[in-house]
Every structure is written in C-alpha cells, then in structure tokens.
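Undergrad: There's a structure below that I have some questions on.
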Amino acid sequence: MALSKINRTSLDTGIDDNSDATAITIDSSERILMPNQPSFLATSDTTKTITSGNTLSYDTTAGGGHNIGSHYSTSTYKFTAPVNGVYFFTYSCRPVDTSTAGIADLIVNDAINDIYARLEFDSSDDVHQQEQTSIINLSANDTVKVYIRSGSIKIDNDKYYGHFGGHLLG
C-alpha cells in the first residue's frame, strides 16, 4: 500500500507535501518513521546518592542517551512536554545498600502528592536495580521528573542501572 501525496490546497492536514519534508516517512516496507518525535534518554555521568526531597539527577544525554527536541533539561532534571499528548516514561534506580529504604516517584508539575509511578525499596531488599514505566496524558508545558519521597536512592553512571527516558506516543 502506497502513501498518497496530500495536496495542501485541497486539505489542510498539517502534513507538508514538499519533497524535503521529514516529519513523517513511510518507507518501502511500510514502516512509519518520525525522526523528530520528542524523545529522551538521560543517565548520570557519575555514580551518586540522592536523598529524600530531591530530584533524581540524571544529568547527561550523551554516551548512548539522546534528547530529540531538547525537551529534557540536564540541569533541572525535568522533561517539559512540547505539545498536548500521551507520553510514555521509564525510569530506574536502586537502593544505596541493603539497610536503606527509599521511594522514588514519577510526578508531574512538581505536585509531590500526585504520583504517576512509584519504585519502593525496603531495608530487606537486596541491592538490585528496579525499573518503572508509566503512560501519562500531558498538556503542553507540563513537567515530569523523578522525585525522592523518602530515604536514599542510588544511580550509577551506566544507562542500565540508572536512567530516565520518555517519548511522545501521540
């Protein structure tokens, strides 16, 4: 099945019919490619411990990460939604050690009592990384971050043992 070219003079769809348009492509195998879709994967450039009341500091998108559209801030550690839509998020971290409990929540607009996902470590947990995901309906300019509700959480300078990522689903 081929994609028909859309004539903007007859239908205003927001799809550009210029030959250099790259917002969306359907290749010969009928895969839909959207190279400019807002997306990020942030990690830490060092191993660090973050304590209660702070934001998990995933401070780099280099070294295997990415930040398409530059909507993730490596200084505030927040993603800002560029448009209204449904977004997918994932994050991972681990307890500092087997004697330390901690809670890491995914929150929107700094509303610490409005939790969209939670990782909870108790003092009997072995020191293992955990991961959580969430799908959230956001408005343009909403912010998303990982907040340490209690205890201490550790992230490593390795995308497998500490990351925060997300992308626009539609």
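The values are calculated or read from the model by the stated rules, or taken from the named source; none is laboratory data. Note that the structure is a prediction, hence the values are computed from the model and not measured. Ideal geometry is used to build each Cβ from the backbone, glycine not excepted, and the neighbour counts take in all protein chains shown. Please note that ligands, DNA and RNA were not included when accessible areas were found on the heavy atoms of the full protein model with its side chains. Shrake-Rupley method; radii C 1.70, N 1.55, O 1.52, S 1.80 Å.
Undergrad: Give the carbon-plus-sulfur fraction of the accessible surface of segment 100-151 in %, rounded to a whole number; probe 1.4 Å, heavy atoms of protein chains only.
TA: C and S atoms contribute 39 percent here.
Undergrad: May I pose another question? Check which residues have an amide H placed less than 5 Å from Arg149's amide H, if you skip close sequence neighbours.
TA: So Arg149 has HN proximity to Gly53, Ile103, Ala104, Asp105.
Undergrad: Kindly write out, for segment 116-122 in residue order, the coupling ³J(HN,Hα) from the Karplus curve 6.51 cos²θ - 1.76 cosθ + 1.60 (θ = phi - 60°), rounded to whole Hz, with x marking Gly and Pro.
TA: 9, 7, 9, 10, 10, 10, 9
Undergrad: Starting from the 7 Å offset along Cα-to-Cβ, what nm value, one decimal, do you get for the label separation of Thr133 and Glu120?
TA: Going by the 7 Å Cα→Cβ label model, 2.2 nm.
Undergrad: Given a Förster distance of 30 angstrom, what is the FRET efficiency for Ile26 paired with Asn141, based on the Cβ-Cβ distance and rounded to 0.05?
TA: 0.45
Undergrad: For Gly65, what residues show an amide H to amide H distance below 5 Å, using hydrogens built from the backbone and excluding near sequence neighbours?
TA: Distant-sequence amide H within range of Gly65: zero hits.
Undergrad: Using only the alpha-carbon atoms, what does segment 36-170 span along each of its principal axes? Please give whole angstrom values in decreasing order.
TA: Between the extreme Cα coordinates on each principal axis of segment 36-170 lie 42, 33, 21 Å.
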